[in-house]
Amino acid sequence: MDEVRTTEDLMEQLSNMNRENSVRQVFIPGKGKFTIVLQEEDPNSIATDVELNPYLKQMMNESMEAYKVGRTKSTSELLKSLSPKDFSK
């Protein structure tokens with residue numbers, strides 16, 4: 001059981017939850033023990049993040065525009081372009 005002292009601690013606990021890790025027990029000093037259950041994940045969470053963060057929205061728009069005009073590589077193309085030299089120290 002993790003102790004939660006700040007809102008940041010609580011948000012960290014919540015952000016680490018997912019479908020496989022859906023139950024979290026926390027202790028808040030002065031309040032007691034809590035069991036938090038994630039009942040359903042928000043399927044639109046990426047879209048929500050993009051709308052809430054102007055920098056992320058700009059990055060996504062630039063990425064989609066680059067894709068439309070062909071300034072991108074597929075994963076296969078990227079992997080083929082890498083060599084062991086790219087990973088040496």
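Each reported figure results from applying straightforward, stated rules to the coordinates on display, with no laboratory input. Quick caveat, the model's predicted, so the values are computed rather than measured. In this analysis, Cβ positions are derived from the backbone assuming ideal geometry, glycine residues included, and neighbour counts consider all displayed protein chains.
Taking 0.36 nm per intervening residue step and subtracting the Cα-Cα distance, what contour gain separates Arg5 from Leu52 on full extension?
Gain on stretching Arg5 to Leu52: 14.3 nm.
Restricting to Cα pairs below 8 Å that are 6+ residues apart, what does the relative contact order work out to for the chain? Please round to a whole percent. Relative contact order, the chain: 17 percent.
Once you charge only the Cβ atoms, +1 for Lys and Arg and -1 for Asp and Glu, what is the size of the charge dipole of the chain about its Cα centre, to the nearest 20 debye?
Using only the charged Cβ atoms, the result is roughly 400 debye.
Mean residue ellipticity, 222 nm, helices only, the chain: the sum of -39500 (n - 2.57) across DSSP H runs of n ≥ 4, divided by residue count and rounded to 500, is -12500 deg cm²/dmol.
Since only Thr75, Met59, Asn44 are under comparison, the one whose Cα sits farthest along the positive direction of the charge dipole of the chain, derived from C-beta charges on Lys, Arg, Asp and Glu, is Thr75.
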